Structures are given as structure tokens and as C-alpha cells.
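Read the structure below first, then the notes.
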Amino acid sequence: MMPNRLIVDRLVKHFHRKQPYPQNIQLTSLQKIRHRLRRKKEVIKAVDNVSFQVAMGEIYGILGANGSGKSTLIRLISTLLLPDSGQISFFGYDVVNDSFKFRQMINRVSVEASFFKRLSSEENLIHSARLYGLSARDAREKAEKILVRLGFDSTRMDEMMEDLSRGMQQKIAIARALLTSPILLLLDEPTTGLDPKSKRDVQRFISEIREDHDVVVLLTTHDMVEAETLCDHISIIDNGKFIATGTPKELIAQISTQGDKVTLEDVFIELTGKDLTEDVE
Amino acid sequence: MFDIRREAEVSYAFIERNFNLLKRYLNWEILFFTYSIVNALTIGLIMVGRGSAQDVLYLVIGALIWGFLSIMMREVSDAITWERWEGTIEYTFMAPIYRITHLVGSCFFAILYGLLRTGIVLAVMPLFFREHIDLSQANWLTMAVTVLVASLSFIGIGLMAAIFPLLSPEKGQAANGILESVILLISGVYYEIEVLPEWLQLFSRISPATYTLRSIRAAMLENSSIADQAHNLILLLIIGIITIPLGFWIFHLGEQYAKRAGRLKRSG
């Protein structure tokens, strides 16, 4: 029987970047040219031997600072990056070898809404839905239902994306992902930069998705309260490595001593030495 | 399983989206149309009073056909550039669609858009060149067949050119500009290729624009039939048969590289 879970096994993704100019030394134009010609490539370990599994109906959170490897991990699962080594499989389908089948099961919401800004939200949604085999009529009906649940005024669906607020755009992005009924939903910082009301609407909706649908949700976030409230399991990622994994309670218990009131943020700071509040984009 | 109806609907999604974008950027389209009309006019007017009606038509054909072919080449790669700028490329590449379906949709849009734009420019031409152009010898059927066959090879070139913006939108546009200008130089758009240095004429012989222009000029100036132009049409067909699969293969390699190096992110 096929395992009905997302399995990420010893996943590795490195990038090669040319060394930047030294920050602390003022270089002349000639020196810059010389440096440009001679500079070597450095290896960035974006995802470094990461393994985890997520069962159906579970929300799995990944906490990390900017540049820790969260988005690279999501892109690898989204088939947008090829892993250097390791495996990702879902329902027995491999992300590289069965990428077409894999893509039929997933969708994603990223931190940037990413739409054609001069097209209306309706036009953007219908275009996306058509790529997944939905008709324009079905897409419109389904989108309206999702958007109403997200607290979006569906009469504004004919307005251009650039005229909508960031919160509204993000709700459209969530509708785009859910229109296609994914069973693996990748949420890459879906609430970053949203106003409190939109943030609450989105978080409530994520909880409802889990209750209403048989779905695996992978959520990356900066928001500790969001992670604690929504996620069944959490991994903390730092420099591409998972440095801690467990339920929110288990993570808190790792550093809690008797009588102390410890938060998930304390756990994060303790384990990574970084403060996420300085890091929010 | 490959479901042809579903794939046709997905291809249509790209055509529909591009026409929607065209409507939303109408001011830019008006600018492009104006430029195309003025460009064809100014090139044709060079010969008015200096040469025969045939000479004027020779230049006007060059301007119109080059306008059409360059649109075809550019639109396929512009579709990728646009998606890189808007950040939607990740969503398109994440969708369960075959790349061939995606690119066929972009190619069909390029053909329709190229025909629309060139058709409008063509309709305006008689207003300015009524007495200076002689279309009595025109064989419209040969011209239409040539345009159709030539579209294949230019789609192939467009597919190859589309990898440049896939890897880098800004540098990609510059690279495509260079490619386009080289084809303009070597293909005898406004002159016979024999005036070029001999070493450059070698490249003219592999450019599909060379045979397209030869065939269309013969059709419009000398009433040449399809049978008369069979040689040029077969060469165009062969170039198309080679460049289209080659274009898809090169695009596939570019996509694999972009996925290895992490180049599909939003840019701009």
C-alpha cells in the first residue's frame, strides 16, 4: 500500500554563489574588476540533510529566520527546484521522477502573492484554474465560495489586482491554491505582512481546511503564535538544517525549567541564537 | 495519459490570458501599432520618387514581413519574460501541464497577434501608397502559404530564444535583441543578400527569413505560384521541422538548469 503521507528523506540542496566584494574595504574600479575575475564560487547549503514526514490531516510547521532554507524547502517540494540528493515523495510518487503526478496533488501560497497585476482577480483565478483542467464557470463558482469564507467581498473580483490591498491579494492567492483541491498544501509565510484582521481570517481558514478536507499542510512562518496555534508538529530550521522537531509542547518542554513560563519564541532564540522579531520582512 | 482536449483547453488558457493582458495594456499596443505603421511608411517612402512601384513594394514587403516575423520570435520569449517579472512563472511551472502545451499556447498567441498587428498595418498602407504600389501581380495564396510555413521556423527560433529570459529577464531581453538584429542584417529584409560580404551570406542561407522574403516578394511582385516557390517553401518547412523540436529540447535544457540553479524566482 502506498504511504499516504509526505516523506522527505535526507534532502540536500546547495547553491553556488560568486563571492561578494569584501564589505569592509573600499575598492577602486580596477580592484573591483580584478576581484570579479578572480573571485571563487562559494557553496551555500540551503537545505542540508533534512528528513521529516507529515501524515494526512496534519499541519506541519517550519520555523526559521530569513535565509534559513524554509522557502528553498518549499520550492523543492513544489517541483520548482531539483534536489542535489535525497528524496521527496507523496502517496508513493517521487517529486523528480513522477513530477507531473506530484504537481496534480499540490498547490502553494507564497509570501509574495504573484499575479498579473493588470488583470482582475477573476481573470487571474480563471487562468490558474484552467491550467488544472477546471472550466471558467466552475472556477468562478468555487472561487466565490472560498473568498466569502476568507472574508473577501466577492463583488470586487473584477477589480485589477494592483488596486487590491496586500491582504486582499493574499486571500486571492489562497483561493488560487484551493481552487484546485490540493491534497498537499504548501503555505510559505502566508500571513507575513498582513494586517491583523486579514491575518486572523487566513489563520482561521487554515484551521478550517484541516477540519473540512483530507489534506497535508506544510506551513512556514515567522509567527510563533501562529505556529503554536495551528501546527501539530514543528521543526526549527537554521542554516538549512533541522535543529529541533516536535509538537509545540515538546519543543517548549525542551528548555522549560520548573515554574518558568516559556514560549515558542524562547525556544527559537535558545536554539538558534536569533531573534525573529528583527527578521520579519 | 495525454488528453488532447484538455491540452487544447490549457493552451487556450495562455492565449486568453495574453489577449486579456493586451486589452489591459492598450496604450502600449497603440504605441506599438503606431510605430509599426510609421516604420513601414517611412521605409516605403524612401523609394517613392526614386524607384518604380515595384521598388516601393519591395521595401514595404520587407517592413511588413519583418514586422510579422519579429513579433512571432519576440512574443514567445516575452511570454516568459513577463511571467518572470510578475512572479507567476513559478505557478505556471508548478501546474500539472506539459511544457509543450504551455509553449504551443504562447506560439498560437504569437501567430494570432502577429497576423492581427500586420493585418492592421497592411490595411493602412493603401491610404499612403495608393498610386505608388502595384498589387496587380500579387499572388495572395502563395503569400498566405509562405507566411504559414515560415511561422513554423520562427516559432522554433522563438522557443530557443525563450530560454534567455528564463535564465535572466534583463540579460535575456538584450540577448534576444541581438539575435533579432542579426537575423535582420543577414536575411535581406531591405536588400538582396548578395550585397552582403560573402562570409555573411553563409549565415543568410540558414536564416528562414531569407526564404520567406524571397518567396513572398516573388508572389507579390511577379505573381509567382506555390509550385514556383516550392523550393523556398520546402527549405522553410525543413528549417521548421528542425527548429521546433530543437527549440523544445533547448527550452527543456534551460528549464532543467533553472531548476538546478534556482533561477525561477520572481525577478523584477
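Of the DSSP H helices in chain B, those that are both long (alpha-carbon extent of 24 Å or more along the helix axis) and hydrophobic (Kyte-Doolittle mean at least 0.5) are B:26-45, B:53-86, B:99-129, B:140-161, B:169-186, B:230-261. Beyond 19 Å, the tail of the calculated P(r) for the range A:1-74 holds 57 percent of the Cα pairs. For the protein assembly as shown, the C-alpha radius of gyration sits at 1.15 times the compact-globule guess of 2.2 N^0.38 Å, with N the residue count. Relative contact order for chain A: 24 percent, from Cα pairs under 8 Å spaced at least 6 residues apart, divided by residue count. Please report the net charge: other residues with Cβ closer than 15 Å to the Cβ of B:Phe248, K and R +1, D and E -1. Neighbour charge sum, excluding B:Phe248 itself: -1. With semi-axes defined as the square roots of five times the eigenvalues of the C-alpha gyration tensor, the equivalent ellipsoid of the range A:174-281 measures 26, 15, 14 Å, largest first.
For A:Arg108, the residues whose modelled amide H falls within less than 5 Å of its own, excluding neighbours fewer than 5 places apart on the same chain, are A:Leu186. Here, P(r) means the percent of Cα pairs in each 10 Å bin from 0 to the largest distance; for the range B:76-144 it is 16, 32, 21, 17, 12, 2. Springs between Cα atoms under 10 Å define the GNM used for chain B, and in it the highest mean-square fluctuation of B:Pro165, B:Pro126, B:Pro245 occurs at B:Pro126. Note on A:Glu270/A:Asp84: beta-carbon distance plugged into 1/(1 + (r/R0)^6) with R0 of 22 Å gives a FRET efficiency of 0.10. With viscosity 0.890 mPa s and temperature 25 °C, the Kirkwood radius over alpha carbon pairs of chain B converts through Stokes-Einstein to a diffusion coefficient of 126 µm²/s. At each listed q (0.16 Å⁻¹), what is the log10 of I(q)/I(0) that the Debye formula gives for chain A modelled as equal alpha-carbon point scatterers? At q = 0.16 Å⁻¹ the computed log10 ratios are -1.26. Between B:Asn223 and B:Phe19, the modelled label-to-label distance comes to 3.8 nm, taking each label 7 Å out from Cα in the direction of the beta carbon.
Which value, in Å to one decimal place, does the Kirkwood hydrodynamic radius take for the range A:97-218 when every pair of different Cα atoms is included? Could you put the intermediate results ahead of the total?
Working: mean 1/r = 0.0694 Å⁻¹.
The answer is 14.4 Å.
Measuring nothing but how far apart in sequence close Cα pairs (under 8 Å, 6+ apart) lie, relative to its length, the range B:4-261 scores a relative contact order of 26 percent.
Label reach from A:Lys261 (point 7 Å along Cα→C-beta): in the range A:225-251, no amide nitrogen lies under 15 Å. Once the chain from A:Ser29 to A:Ala253 is taken as fully extended at 0.36 nm per residue, the excess over their C-alpha distance is 75.2 nm. The fewest-to-most ranking of B:Phe109, B:Phe93 by surrounding Cβ atoms within 10 Å reads B:Phe93, B:Phe109. In this calculation the C-beta distance from B:Leu122 to B:Ile100 is compared with R0 = 25 Å, giving a FRET efficiency of 0.20. With the helix formula -39500 (n - 2.57) applied to DSSP H stretches of n ≥ 4, the protein assembly as shown reaches a computed 222 nm mean residue ellipticity of -19000 deg cm²/dmol.
A simple count of charges around B:Ala218, restricted to other residues whose Cβ falls under 13 Å of its Cβ and scoring Lys, Arg +1 and Asp, Glu -1, yields -1.
Between B:Arg50 and A:Glu208, what FRET efficiency comes out of the Förster formula 1/(1 + (r/R0)^6) with R0 = 51 Å and r the beta carbon distance, rounded to 0.05? Approximately 0.10, to the nearest 0.05. Pairs from the table (A:Lys45/A:Lys274; A:Lys70/A:Lys171; A:Lys199/B:Lys259; A:Lys197/B:Lys23) lying more than 23 angstrom apart at Cα are A:Lys199/B:Lys259; A:Lys197/B:Lys23. Long hydrophobic helices in chain A, taken as whole DSSP H segments with a C-alpha length of 15 Å or more on their own axis and mean Kyte-Doolittle hydropathy at least -0.5: A:166-179.
If you stretched the chain out fully between B:Leu246 and B:Asn27, how much longer would it get, using 0.36 nm times the residue separation minus the C-alpha to C-alpha distance?
Full-extension gain reported as 75.3 nm.
No lab work stands behind these numbers, since they all come straight from the coordinates. Source: prediction; values computed, not measured. With ideal geometry, Cβ positions are generated from the backbone for all residues, glycine too; neighbour counts draw on all protein chains shown.
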